[in-house]
Each structure stands twice: as C-alpha cells, then as structure tokens.
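*Asks:* First the structure, which I've put down as structure tokens, then a few questions once you've had a look.
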Amino acid sequence: MKKKSVWEQLSEEETRKTSMIAEDYRKFLSENKTERLCLKTFEKAAKGKKAFFYSEKNKIGGIARIKGDPRDGALWIAAHIDAPRLDLKPNPFYEEVGLAMLKTHYYGGIKKYQWTAIPLSLKGVILTESGKTIDVDIGDNPKDPVFTIADLLPHLSRKVQNDKKITEAIEGEKLTLLAGNIPLPREKEDAVKKHILRILKAQYGIIEEDLISAEIEVVPAGESRYVGFDKSLIGGYGHDDRICSYTSFRAILDAKIKKTAAVLFMDKEEIGSVGNTGAQSTFITDFIIKLLENAGIKPTYTNIRKVFMNSQAISADVGAGTNPNYQEVQDKYNAALIGYGLVITKYTGSGGKGGANDANAEFLWKIRKIFNKNKVIWQAAELGKVDEGGGGTVAKYLSNQGIDTIDIGIPILGMHSPFEIASIADIYEGYKGYKAFLSS
C-alpha cells in the first residue's frame, strides 16, 4: 500500500503521451473559462464522431456512445464545467472619486482576498433589447485591456483590514472592478461612467439596460502556465472541475466501449447543483430519454428507471492534494499526494459524512479491479481530517436515482483559487482511469 510517484512508473512512451495530453489540456484550460465556452468546445469536437451530443440552455450537456440496450445499464461519468468566479451584478456600473466601477457578486466558495490586485477578464453574453446576442471576451488577448480590484495600501490598512479575520478583511461588496477614468466632456454628473457606456455603445451596440439581460463572468486573465523548473505542473484558473471534464471527454472518444457509455458536463455544482442546469434538475432524465430514443427504445417510465437502476457512475471531481505548508489539515494516512495518481474518494460530505454519497464495497471492488487490470495509478483519500471542514460533489444526485456512484478525480493544490495547480502526470492517469472505466 506504500504510495509511489507516477513518474517512477511511467514508460518512455507514456511519458511522451503525458506531455502531449498536458499541452492540449493547458490550451483547453486557457481558452475555455466559462461553462458556455466548454460546452461549445465539446460539442464541436464531438461532431463527426460515432456519438451523440445533447445540451440544454447552453450551460449543461453530455455525450454518449450507444452499444447494446441501455436498459441493461450504462457507464456514466459526471463532471462539472462551472468554476468559482465573480459575476457582474444586473446593474453593475457606478462612479466614485473619478473612477468608473463595476459591481460583482461572487459565485461559489472563494477566498475573496485572492481576487484582488490581479488582472481579470470579462467573458459571457449580452442580449440586447432586439434579441441580438453579443459575445463578450475582453482581457485575454494581449492587445485587450484588463480589469482589476484595487486593494488597500498596507500603510492604511491596519484598522480597516489587518485587525480583522481573513474572511472579513475583504467584503463582498468591495469586490468591484476598475472600469475607466476618462470623463465625457461637458458632463457634470457620472461623466466617466457615461464615457464608458458610450464606448460600449460604439463597440458592441449595447445600452446600459442591456446589462440586465446578460451573463458576464469575471475570471483571471491570461493563459495557464507550466509550473516548476521541470514543467511537471500546470497552473491556471478552473482546474476544478474542467480538468476532469476534459479528461473524461477525451476518454469517451477513445474508449473501446462494450456497453453504452456517457459523459455529462454539469453546471451550478459550485453553488449546490441547483437550477435548471444543475445536477438536481431533470437534465439527467432528459438525457436518458434522448439516449433511449437514439437506441430505438420508447422512453417509458419503466425503461428510464431500468437505465438508472442498472447503471454505474463516476462522479469526476477534483481531490484536495496535500499542501506541504498546511499538512495539519490532512490525515496523512488518508491524504492525496500530487503526482501520485487518480484519487478514489469513497465519500465526501462534512463531519459525520453529512451530505455525502458513500459508495458501497462491491462497486469499490469493481473500480479497483478495473484500474489494476489497466495499470491505472491510483490512490485512496479523503478531502481532509474528519472535523476540519468538508465539501460535496454531484455524486449524491446520481446515486439518489439508484446509480452506483463513486467520486474519482485528479488532485490539485489551491482549490478554488484563481491559480490552481495540477500535476501533468495525474492528468494522464485521470484520462487512463476514465477510459478504462468506460471500456469495462
């Protein structure tokens, strides 16, 4: 049971494949910083393949390959494509002390101080009054301006920030973006704001009211980068959970399936899998209906339930890699290490497994057998010490329908930060593990 680094076990050919997949993933992570972008990329890549792709609301989707009767059970992988971020408020613009500002509301569990004093970009869509959709993408092109949240200088921060708890030092309402400084000539009130709105009108054909019918996400600007002298790590925004979405998507395209297999790309996981694009919605049922129809089977209630009850699934979400500076939050005998392979997590939740899916022994045995047979390098771990904190995934929403489900993901450092870290060796093992499961 002694853990061994992936790097000590890879062949020369596997090392080459690891580097190739890592570079492709690094580009994917750099170019797909929102749910909509991820879904478009997956759908485009699925065209021409022997598979069908189905999505709803431009925010949630899935790909399936049909073989045999889906009622005999399918193999599922469910990952999520949303990530912690800032969202522009419906009425974002205001002006103070000669600066145009944009109000935001944070999405998901973030450490607010991590989002100050870094370059940020704007991505999303705006629907004008006429119904025209305007794509917004400002900040990643080197010629673009970026945005930022100006922090307070240390000379004046003692009472306002330094004497407070770290969770209170930066208030949510102060996560506002700098948007401009030049006033519109001859305007006496909100002259800078009006100048910015004139620029938006000229460049995009939008007015201020159009921002109410918009989804603008504020995400870190710039590309993902290799980290370390040996370039063994990738740092970037959105590893959680696009690292599992990417590897599972590649896996289903390459798998040698023996029965129906599918990969789902879920939205809203970071805020509880709610709404009509989260795992608690009817999407999985809708997807099974499409699956049955494509297989030439009537989607009756009985047939839908047979698919659910006879299926098995992996909830593909990231694990918490052990941070060398904060080892005290982990049980070292049940902690994930970076560069030591795919992480099997029997249960998540908090405290006494509150809110968790807890996989059964029989399914765990099957996963072990699949991974060992296919020489997938894996490790078993928990999220952290029993009473240290906790978290959840989409696993419980799959298992609630009768699907045997287990959490298996890639370990990362700095989870939910603007610059998360993952090992390229673990990315490769994630791809191998998901492909092995879908081929079983």
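*Asks:* Restricting to region 111-139, count the residues that are assigned to a loop (DSSP other than H, G, I, E, B), of a type outside the set (Gly, Ala, Ser) and over 17 Å from Ala179 (Cβ atoms). Talk me through it step by step, then tell me what you get.
*Replies:* Keep residues of region 111-139 that are assigned to a loop (DSSP other than H, G, I, E, B), which gives 111, 116-119, 128-132, 139.
With the extra rule that they be of a type outside the set (Gly, Ala, Ser), the set shrinks to 111, 116, 118-119, 128-129, 132.
Still in the running and over 17 Å from Ala179 (Cβ atoms): 111, 128-129, 132.
Summing the residues that are assigned to a loop (DSSP other than H, G, I, E, B), of a type outside the set (Gly, Ala, Ser) and over 17 Å from Ala179 (Cβ atoms) in region 111-139 gives 4.
*Asks:* Go through the residues of region 324-334 one by one and say whether even a single one is of a type outside the set (Val, Ile, Thr), closer than 18 Å to Ile406 by Cβ, assigned by TED's automatic domain parsing to the domain that holds Ile252 and outside any helix (DSSP H, G or I).
*Replies:* No, every residue in region 324-334 fails to be of a type outside the set (Val, Ile, Thr), closer than 18 Å to Ile406 by Cβ, assigned by TED's automatic domain parsing to the domain that holds Ile252 and outside any helix (DSSP H, G or I).
*Asks:* Follow-up. Could you tell me which of the residues Ser232, Ser281 is more than 17 Å from the chain's Cα centre (by Cα), outside the structural domain of Glu43 (by TED's automatic domain parsing), surrounded by 15 or more Cβ atoms within 10 Å (Cβ to Cβ) and of a type in the set (Ser, Thr, Tyr)?
*Replies:* When all the criteria are applied, what remains is Ser232.
*Asks:* Kindly check whether there is at least one residue in region 117-124 that is of a type in the set (Val, Ile, Thr), surrounded by fewer than 18 Cβ atoms within 10 Å (Cβ to Cβ), on the phi < 0 side of the Ramachandran plot and in contact with a Lys or Arg (Cβ under 8 Å, 6 or more places away or on another chain).
*Replies:* No, region 117-124 has no match at all.
*Asks:* Restricted to region 91-110, and to residues that are surrounded by 15 or more Cβ atoms within 10 Å (Cβ to Cβ) and not in a strand (DSSP E or B), which residue is farthest from the chain's Cα centre (by Cα)?
*Replies:* Ile110
*Asks:* Can you find even one residue in region 39-48 that is at pLDDT 95 or above, aromatic (Phe, Trp, Tyr) and assigned to a strand (DSSP E or B)?
*Replies:* Within region 39-48, not a single residue is at pLDDT 95 or above, aromatic (Phe, Trp, Tyr) and assigned to a strand (DSSP E or B).
*Asks:* Something else about it: Any residue at all in region 324-334 that is surrounded by 20 or more Cβ atoms within 10 Å (Cβ to Cβ) and of a type in the set (A, V, I, L, M, F, W, C)?
*Replies:* No - not one qualifying residue is present in region 324-334.
*Asks:* Sort out which residues of region 67-102 are out of contact with any Asp or Glu (no Cβ under 8 Å at 6 or more places or on another chain) and among the basic types (Lys, Arg), and write them in order of number.
*Replies:* Scanning region 67-102 gives Lys67, Arg71, Lys89.
*Asks:* Taking into account only those residues within region 389-440 that are assigned to a loop (DSSP other than H, G, I, E, B) and of a type in the set (Val, Ile, Thr), which is nearest to Val307 (Cα to Cα)?
*Replies:* Ile403
*Asks:* Any idea which of Trp76, Trp7 is closer than 21 Å to Ala395 by Cα and not in a loop (DSSP other than H, G, I, E, B)?
*Replies:* Just one listed residue meets the conditions, Trp76.
*Asks:* So if I check each of Arg250, Arg242, which one is crowded, with 24+ Cβ neighbours inside 10 Å and either touching a residue at least 40 places away in the same chain (Cβ under 8 Å) or within 24 Å of Ile421 (Cβ to Cβ) (or both)?
*Replies:* Only one candidate passes the filter, namely Arg242.
*Asks:* Right, something else. The conditions are (1) surrounded by 24 or more Cβ atoms within 10 Å (Cβ to Cβ); (2) over 17 Å from the mean Cα position of the chain (by Cα), and Gly430 fails exactly one of them. Which is it?
*Replies:* (2)
Okay, residues lined up against (1) more than 29 Å from Gly392 (Cα to Cα); (2) touching a residue at least 60 places away in the same chain (Cβ under 8 Å); (3) outside the structural domain of Thr34 (by TED's automatic domain parsing):
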| residue | (1), (2), (3) |
| --- | --- |
| Trp115 | no, yes, yes |
| Gly139 | yes, yes, yes |
| His155 | yes, no, yes |
| Lys194 | yes, no, yes |
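The values are calculated or read from the model by the stated rules, or taken from the named source; none is laboratory data. Given the structure is predicted, the values throughout are model-derived calculations rather than measurements. Heads up, the Cβs are rebuilt from the backbone with ideal geometry, glycines too, and the neighbour counts pull from every protein chain shown.
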